[in-house]
Structures are given as structure tokens and as C-alpha cells.
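This report concerns only the one structure given below.
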């Protein structure tokens, strides 16, 4: 009984890591589709979101089964409840990767990102993928320092997001309104994706220390 | 014991309704701040988000306490777990209202919304508030028809969102890129707010019927 219980808890944790890996990879491919104007990759990412949704539903059912059968208390209970929140974060990340791919598809065969923003968008995409890989690692290791590091690394995402806005507001912007709209949305999708990775790290901190990460003197990321 | 238990479940449900009421009102005031360029109201809405966050945290602790003490099974267990997801939706809605107010504040004393989009944004704001009021009602009544109706009413939000995009893409757009960026983000905030209201209604449907709302032949709202 005890053994089954721990296997079940472990299985939930593995599902979370699996979801994080999948959405991180999806966002990486979405960035590729965007910058290489690759329709096939875009379509492929768009079809991933359904898979993430299914994983989320499975994880929710798994968690409910554990709650019903094992009636965990104290730390274990918090772990299961927190897993539910994390799986919602990860499901949302799948949708955000899908959104990025959808912008690539909508503008195909034109590139959605103008030449002078490619480097910034590439960095956002890579950072998003890296933050999610860090979140997956934190899910496995429960390393509080790594979780707090992730929050600091996310500051760069906020900075990149602000750079995009400054670029858009610059009088020399000459790519027209349609591109401005696309870039605004793309920037927001990456920033939200990173926020979810931060949120997962924060919840791990809470699981381990019983303290909310913002009480450990870290600020929430803000949107410009 | 039994009585305490039902009081606790009821209290969770009341907290959800309270959160829905608060974020609905916040979004209404944010729309007012945006269209009336009212800095004081904008500031007031921005300070609400912390309150919603506190309510969410309280609700989460309440839910965990019920799970630990009462160890609910079957339907009651699903109700508690679903409440956690709903409270996350509502917390996010508080942030979205805050974002709308932040756009109003950032552009103050200039209006963020150009004259020719005021009517559309007003309708989005009113619809957002109405959808959240419907969601609160569904939380109280558990009326499946009303929940499904909410999804249909949300179609109008998607239509308004598309209208904004068409307007932005129109060659006659002459409000510049900064306004285009603001309007893009505002449109997205309202649409996401409405999505969360729909999501709450869907979860009530699932609680009552055991079937996911999308199996009842309703499509997820899509982003243009």
C-alpha cells in the first residue's frame, strides 16, 4: 500500500516533468517556425497543444485518484495540490507555444518578425526554452537555490520584453501596424511562458520551505 | 462533524463567488478608467489585484484544510479540486483587470483608446463584466444550461476581438504604432478574461454532469 502510494506520487511528478519537457520543446520549435518561416514545423507545434491538454487531464485524474485512495495529509497533500496548479501552468504553456506557431502560420510565407528584431526574438525564444528546462530540473531536484536563480534569469525576459516595446515605440519603426501587432503578441506569449516557468519554481520553493517565494525577497515579474 | 464539513464546502464556494464578484467589478472599473482616462480609478483597480491574490491564497489554504481534515471522496473531492482550478482562473482575472488599468495609467492624460474604437472596447468591457457575473451565477446555481449559454455569449467576445484586429490591419489606421500596441494588448486582456469565465462555467458543467463541456459539442474560443 505504502509502496503503491509513493509510486503514485512519483508518477505525478514524472508527468509534470514530461509536460515541462514537451512544452519547452514545443516553444523551441515554435521559435524555429517563426524565424525560419517553416510552415510544417508550425503545424506540428499547433498539433502539440492537444497532447499537452490530454496530459493535463490525465494528471488531474491521477491526482484525484491519489487524494481519494490515499488521503494524503501534510506535505504529501500539499505536493498533490501544488501539482494540480503546476499542471495548469504547463497546459497554458502548450497553448502559448501554439499561439507563437499560429502567428508564424498566419504570416506564411512572409516572416512575422522583421530583420531588426530577429535577434531579440531568438533570445526570448531560447530563454523561454531554457527557463522551462530549469523548471523541469527544479521539479526533479527540489533545489531551492536553482528555483530562486530561475526567477533572476527571468529578469532578462522582462528586459527583452521592454526592448521590444521601445523598438515598437521608436519613431523609426517602419514595418507597419500588422507587424507591430504580431510582435506585440509574440512578446507577450514568451513573457507569459516564462512567468509560468517562474510560477512552477515558486511552488517548488513553497513545497520545500513552506514559505512563498515572494516572502524570500523576490519580486513578481511585471509587464511593461 | 458532518455539519462543519458542509459549512466548509459552502465557504469555499462562497469565496469563489466573492472572487468572481470582485474581479468582475475590477474589470468594469478598469474599462471606466480606460475610456474616461481616470487616473484615480486606474490606481484603485491596480491595488485590487493584491486583494484577489490574498483571497486566492486563503481559498487554497481552506481547500487544503478540508482535504486534510475531511478527506472527501467522489463528488465532494472533485468539487474541492475544481475550486482550486477556478480560484487560479479568478486570480488571473484580477491581474488582467490590473493590466487594463495599467494601460490607462501609462497613457494618462492621453486616452489609450482612439475615438473610433471606443464603442468596441466599451462592448468588450461590458461583455467581460457580464460574462463574469454569469460565471458567478453559475457557481451558485450549478445551472448547466446557463453555463453553456455563457460559452455561446463568449462568441461575441471573439467577434469583437476579430473586429479590433481588422481595424488595426486596415490601411486607414492613422493612430500610430503605440496606440496599435495598446489596443492589441487591451483586446487580448478582455479576451483572456472572458476565456477564464468560460473556463469556470465549463468546470461547473463537469462537476454536475461528469462530462467535459467540449464533449457537449461546444468549441473552445480561439484567438485570431
Can you list the distances in nanometres, one decimal and ascending, from the residue A:122 label point to the identical position in each other copy, with the point 7 Å along Cα to Cβ?
-> 4.8
Between 0 and 90°, nearest 10: helix A:2-35 axis offset from chain A longest Cα axis = 0
Going from the alpha-carbon gyration tensor of region A:1-132, what semi-axes, largest first and in whole Å, does one get by taking the root of 5 times each eigenvalue?
-> 37, 13, 9
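What number, in percent, do you get for the relative contact order of chain A if the mean sequence gap of Cα pairs under 8 Å and at least 6 apart is divided by its residue count? Spell out each step's value before the answer.
On the way: 295 pairs, mean separation 59.0, N = 224.
Over chain A, the number comes to 26 percent.
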Quickly work out the residue B:141-to-residue A:163 label distance, labels modelled 7 Å from Cα along the C-beta direction, and quote it in nm with one decimal.
-> 5.2
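Sort B:108, A:189 so the one with the fewest other Cβ atoms within 10 Å of its own Cβ comes first. Let's see the in-between values first.
Details: B:108 15, A:189 26.
Ordered from fewest to most neighbouring Cβ atoms within 10 Å, B:108, A:189 come out as B:108, A:189.
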For chain B, the Rg and Dmax computed from alpha carbons only, in angstrom | 18.7, 67
Peptide A:177-186 - average C-beta neighbours from other chains (10 Å radius) = 6
In nm, one decimal, shortest first: how far is the label point of residue A:111 (7 Å from Cα along Cα to beta carbon) from the matching points in the other copies?
-> 3.9
Inter-copy distances for residue B:162, label 7 Å out on the Cα-Cβ vector, sorted ascending, nm, one decimal, are 3.8
Angle between chain A longest axis and helix A:176-209 axis [Cα atoms, degrees, rounded to 10] | 20
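As a check on your grasp of the helix formula, calculate [θ] at 222 nm for the protein assembly as shown: sum -39500 (n - 2.57) over DSSP H runs of n ≥ 4, divide by the residue count, round to the nearest 500.
On the way: 12 runs with 368 residues, N = 448.
Computed ellipticity for the protein assembly as shown at 222 nm equals -29500 deg cm²/dmol.
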Rg(Cα) of the protein assembly as shown divided by 2.2 N^0.38 Å?
-> 0.96
Neighbour-count ranking for B:124, B:157, A:169 (other C-beta within 10 angstrom, fewest to most) reads A:169, B:157, B:124
For B:23, A:95, A:80, ascending order of other Cβ atoms within 10 Å (fewest first) is A:95, A:80, B:23
Taking chain B as the reference, fit the longest principal axis to its C-alpha atoms, fit the long axis of helix B:39-70 to the helix C-alpha atoms, and give the angle between the two in degrees, 0 to 90, nearest 10.
-> 20
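Other chains' Cβ within 10 Å of A:72-79 residues: what's the mean?
On the way: counts 3, 5, 2, 0, 0, 5, 4, 0.
The shielding value for this peptide is 2.
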Connecting every pair of Cα atoms under 10 Å apart in chain A and solving the GNM, the largest mean-square fluctuation among A:81, A:183, A:41 falls on A:81
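No lab work stands behind these numbers, since they all come straight from the coordinates. These figures come from a predicted structure and were not determined experimentally. Ideal geometry is used to build each Cβ from the backbone, glycine not excepted, and the neighbour counts take in all protein chains shown.
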